[in-house]
Amino acid sequence: MPITWLHDEMLSPAWLREGVPTLFVFDEEWIARERLSLKRIVFLYECLLELPGVEIRKGDVVTEVRAFAERHHADTIQTARCPLPRIKRQGEELGAQWLDPEPFVELPGRVDLKRFSRYWRKAEKHVIG
Amino acid sequence: MAGSTDTSGGARRPDALHSEPLRRDFADRDELVAYCRDVFPAAAEVDDHVSATRGGPCAAEARLAEVDPPRYGRTRNALDGAVTGLSPYLRHGVVGLAETRDLVIETAGSPRAAYKLLQELAWRDYYRRVLDDIGDDVWDDLEEWKTGYHADHYADELPEDFLRGETGNDFVDHTVHTLHETGYLHNQLRMKIAAYVVHWRRVKWQAGAAWMLSHLLDGDLASNNLSWQWVASTFGPKPYLFNEENLVKVTGGRLQGVGPGGQRPFAGSYDELNERLFERR
């Protein structure tokens, strides 16, 4: 049985699944390192309060998610793929299964990211048509 | 219940204190805010303001319902233009980029009619792709500075008068207070305050980027840091500048950029400002 580890880039009801225990952890290391102010915490918290059934904790993310998975006898930790290096590291440490959000635009082949203009030259026809 | 009983006869183990989840039962916002202050004292110490902007899907839906793509295209650069206010929700995945793209196209009637807004969403997608590639290097200068100076010519920390919003310059102080109090800045103010920090005060963009991440409800490593780098010129072909005329125009005359004693640090043509602020190599 899976659990869902909800991180701070996926605070949408779309990620909630009936019968799948779901956890969000306020990452204390991140909050301290990026010196998050109170208004950011309150905003995050309000997002979470509108997601029914999500358990909310604070502490070390990997420790808390692991303990949550054990309590629920889970064999899989699911989460959404995201480019934040902090989340990538934590997900890798947890052996998480990455679920892909619907892409904004699918670009075949290698994309030159040196400048936006180069990306947009390729993306524009897919986005605008 | 945490703390209600202790039958062991001894002190509770510290980890047992963490065994209770955080609360979900709040009578109102005031109670939630008081609880957050209590549970996250360090965050309250950084800055104790709470934004009028609410988190959650309901607030996001209300914002989405008001999106007007053609008006956005025409007016977004003005301080009172039809900006969407969606960024805090996009940042936290409360609404998805693809979902927003579809809704924007539907509202406008065609992708062409929503061109500018779709392009802004594309910037977000672009910055995320770059972050995915470079990871923690997002904190390093991605390219050399094109200001004629080197990184070590720039200070590591933001000046105290700036952080207190007490420079005496109406534009600077207004922008600092707005960010601290609301967690939001119009994109024009973000770019301009970044240019002020880096080019007028000659402070490393990293200090400014970290300052914004502490406060912005949409604080996002990708868009935030890469935009600061773009302003600084370490992720773009030249430094971004603005002048007084442009400031007055986008703010509808509300902000003049005038400092104590009538100083006008932003006055002049772009050529003059380039000459004054940058070192010719």
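What to note about this one:
- Residue check, B:E157 touching a strand residue (DSSP E or B) at 6+ places or on another chain (Cβ under 9 Å) and at pLDDT 95 or above: yes
- Unique residue being within 7 Å of another protein chain (Cβ to nearest Cβ), touching a residue at least 12 places away in the same chain (Cβ under 8 Å) and surrounded by 13 or more Cβ atoms within 10 Å (Cβ to Cβ) when the list is A:A123, A:A96, A:A74: A:A123
- When region B:125-141 is filtered for residues that are at the interface with chain A (Cβ under 7 Å from one of its Cβ atoms) and either among the small types (G, A, S) or assigned to a loop (DSSP other than H, G, I, E, B) (or both), only B:G135 remains.
- Taken as a whole, the condition of being part of a loop (DSSP other than H, G, I, E, B), of a type outside the set (D, E, K, R) and at pLDDT below 95 applies to B:V83.
- Screening the candidates B:V138, B:V176 for the property of being surrounded by 15 or more Cβ atoms within 10 Å (Cβ to Cβ), free of Cβ contacts under 8 Å to residues at least 40 places away in the same chain and not charged (D, E, K, R) yields one hit, B:V176.
- Residue under evaluation A:R86, criteria (1) basic (K, R); (2) within 15 Å of the chain's Cα centre (by Cα); (3) surrounded by 22 or more Cβ atoms within 10 Å (Cβ to Cβ), criterion not met: (3)
- Filtered residue count, region B:89-117, keeping only those that are assigned to a loop (DSSP other than H, G, I, E, B) and facing chain A (nearest Cβ under 9 Å): 7
- When we screen B:G257, B:G208, B:G183 for residues that are at pLDDT 95 or above, away from every other protein chain (no Cβ under 14 Å), buried (at least 21 other Cβ atoms within 10 Å of the Cβ) and within 28 Å of B:T53 (Cβ to Cβ), the only hit is B:G257.
- The conditions of being farther than 17 Å from A:F24 by Cβ, at the interface with chain B (Cβ under 10 Å from one of its Cβ atoms) and touching a His at 6+ places or on another chain (Cβ under 7 Å) are met by A:V105.
The values are calculated or read from the model by the stated rules, or taken from the named source; none is laboratory data. Remember, it's a predicted structure, so these values are computed and weren't measured experimentally. Glycine gets a Cβ as well: all are built from the backbone with ideal geometry, and neighbour counts include every protein chain shown.
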